[in-house]
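One structure is given below, encoded as structure tokens.
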Amino acid sequence: MNFEYSDKVKGLLERLQRFMQDHVYPAEQAFHQQLQEDPWGEPVILAELKAKARAAELWNLFMPDPRFGAGLTNLEYAPLAEEMGKVVWSSEVFNCSAPDTGNMEVLAQYGSLQQEQWLKPLLAGEIRSAFAMTEPKVASSDATNIETSIVRDGDDYVINGHKFYISGLMNKRCKILIVMGKTDPDSPNRHQQQSQILVPVDTPGVNIIRPMTVFGYEDAPEGHAEVIFDNVRVPAGNLILGEGRGFEIAQGRLGPGRIHHCMRLVGQAQRALEMMSGRAEQRIVFGRPMSKQGSVREDIAKSACEIEQARLLTLKAADQMDRYGNKAAKDLIAMIKIVAPQMACTVIDRAIQIHGAAGLSQDYNLAQHYAYARTIRLADGPDQVHMMQLGRNLAARYGAKQQ
């Protein structure tokens with residue numbers, strides 16, 4: 001495996017790093033101040049940064065299909081996603097933020113009938129979107145448990161169900177939902193009961209109940225909504241790919257989505273390492289810099305080791321996805337989904353400790369980054385599910401060799 005970045009990627013990374021230094025980092029304070037005025041709107045500074053990023057041709061970098069975006073492989077995109085991850089909201093600056101990225105990939109790959117109406121404005125950054133799968137009453141980490149119904153009625157489908165933690169739905173610019181539900185709950189094949197369907201947010205019966213917080217954060221301007229679908233009626237043509245194909249679409253969507261989270265988490269942890277190192281050099285305790293303390297040096301050293309381990313595992317998983325496909329790389333995707341969020345939580349926690357009480361405050365981004373990292377231990381499948389499936393696969397593989 002050769003993880004040396006190509007000249008193309010080196011050039012993009014240099015441009016992206018320069019853009020972050022010149023425009024994004026200086027805008028962090030203004031971004032948070034403007035959010036207080038209108039939490040679910042688009043901060044003026046964010047709109048300005050998007051225009052600059054698009055003019056700089058740093059746009060849709062995540063999209064592997066060259067018809068719609070940069071045409072990068074997972075391995076090529078990894079260092080760029082890591083760089084964007086250093087500011088928790090900066091992926092949106094480059095139109096590379098979840099859940100839009102996954103939704104755009106679904107529409108590009110499976111939604112040929114809906115590309116003109118929904119994919120084009122998403123690619124242009126004119127609107128935002130959400131993906132409605134998680135439900136409060138069932139263990140949604142197993143998508144076959146989902147209870148939301150999608151019932152054919154003439155030329156329409158009627159949707160009824162209860163979802164929560166639907167990321168992005170609180171945003172005023174969110175115009176379209178991809179909803180996961182059951183079109184054939186009695187099918188003997190549990191993986192062919194589900195379908196995915198497009199639902200415009202302004203459709204009658206789409207009732208947003210409340211925003212869900214994460215460790216007390218609203219995660220504005222995206223937010224996470226609780227929503228009830230009450231006899232929501234949409235045209236039959238809004239169904240993606242066909243009845244019974246929802247699980248197939250979800251699996252295709254989640255592979256890249258999971259590793260994108262891990263790429264960003266490596267970036268967050270790297271920034272935390274840089275911040276704790278700077279703090280340790282500058283902060284004087286007991287008459288000398290904190291960096292003179294053995295325990296502080298150990299925290300910095302361990303953090304660097306753990307970040308590099310996660311970075312290399314992320315690159316290996318990305319390389320395997322590119323070479324052999326998402327299904328063949330599923331064990332590596334599971335490994336990094338287990339490793340990266342826990343690593344980021346640990347490293348960011350050390351950085352908070354070295355910053356003292358200030359590390360918990362709004363003066364640094366560490367608390368928000370910790371909340372994000374801890375969230376990803378649940379998002380796109382909790383740790384335990386990935387460990388269960390990975391352990392099952394490994395036991396079967398190595399057990400067969402011992403027979």
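The values are calculated or read from the model by the stated rules, or taken from the named source; none is laboratory data. Since we're looking at a predicted model, the values are computed, not measured. Backbone-built Cβ (ideal geometry, glycine too); neighbour counts: all protein chains shown.
Among the strands (runs of 3 or more DSSP E) lying completely within region 92-184, list those that include at least 1 residues that are surrounded by fewer than 21 Cβ atoms within 10 Å (Cβ to Cβ).
149-153, 156-167, 174-182
Picking from Ala357, Ala317, Ala379, which residue would you name as being part of a helix (DSSP H, G or I), out of contact with any Asp or Glu (no Cβ under 7 Å at 6 or more places or on another chain) and in contact (Cβ under 8 Å) with a residue 24 or more places away in the chain?
Ala317
Tell me the residue from Ala371, Ala340 that is buried (at least 17 other Cβ atoms within 10 Å of the Cβ), of a type in the set (Gly, Ala, Ser) and within 16 Å of His260 (Cα to Cα), please.
It is Ala340.
Looking at Leu123, Leu113 in this structure, which one is touching a Phe, Trp or Tyr at 6+ places or on another chain (Cβ under 8 Å) and touching a residue at least 12 places away in the same chain (Cβ under 8 Å)?
Among Leu123, Leu113, only Leu123 is touching a Phe, Trp or Tyr at 6+ places or on another chain (Cβ under 8 Å) and touching a residue at least 12 places away in the same chain (Cβ under 8 Å).
Go over the candidates Ser187, Ser195 one by one and state the one that is surrounded by fewer than 15 Cβ atoms within 10 Å (Cβ to Cβ) and without any contact (Cβ under 8 Å) to a residue 60 or more places away in the chain.
So the residue among Ser187, Ser195 that is surrounded by fewer than 15 Cβ atoms within 10 Å (Cβ to Cβ) and without any contact (Cβ under 8 Å) to a residue 60 or more places away in the chain is Ser187.
From the list Gln282, Gln293, Gln309, Gln251, which one is surrounded by fewer than 19 Cβ atoms within 10 Å (Cβ to Cβ), of a type outside the set (Val, Ile, Thr) and within 17 Å of the chain's Cα centre (by Cα)?
Testing whether each residue is surrounded by fewer than 19 Cβ atoms within 10 Å (Cβ to Cβ), of a type outside the set (Val, Ile, Thr) and within 17 Å of the chain's Cα centre (by Cα) leaves just Gln251.
Give me the pairs: first residue in region 83-97 and within 15 Å of Arg15 (Cβ to Cβ) and touching a residue at least 40 places away in the same chain (Cβ under 8 Å), second residue in a helix (DSSP H, G or I) and of a type in the set (D, E, K, R), beta-carbon distance under 7 Å, and six or more apart or on different chains, which are they?
Going by the 7 Å Cβ cut-off, the qualifying pairs are Met84/Arg264; Val93/Lys50.
Quick one: count up the residues across region 25-55 that are of a type in the set (A, V, I, L, M) and touching a Lys or Arg at 6+ places or on another chain (Cβ under 7 Å).
Count: 0.
Considering region 328-350 alone, what residues qualify as being of a type in the set (D, E, K, R) and in contact (Cβ under 8 Å) with a residue 24 or more places away in the chain?
Correct list: Lys330, Asp331, Lys337, Arg350.
Quick one: in region 47-72, of everything that is aromatic (Phe, Trp, Tyr) and under 19 Å from the mean Cα position of the chain (by Cα), which residue is surrounded by the fewest Cβ atoms within 10 Å (Cβ to Cβ)?
Trp59
Could you please find all residues in region 89-130 being aliphatic (A, V, I, L, M), more than 13 Å from Ile176 (Cβ to Cβ), within 14 Å of the chain's Cα centre (by Cα) and modelled with pLDDT of 95 or more?
Of everything in region 89-130, nothing turns out to be aliphatic (A, V, I, L, M), more than 13 Å from Ile176 (Cβ to Cβ), within 14 Å of the chain's Cα centre (by Cα) and modelled with pLDDT of 95 or more.
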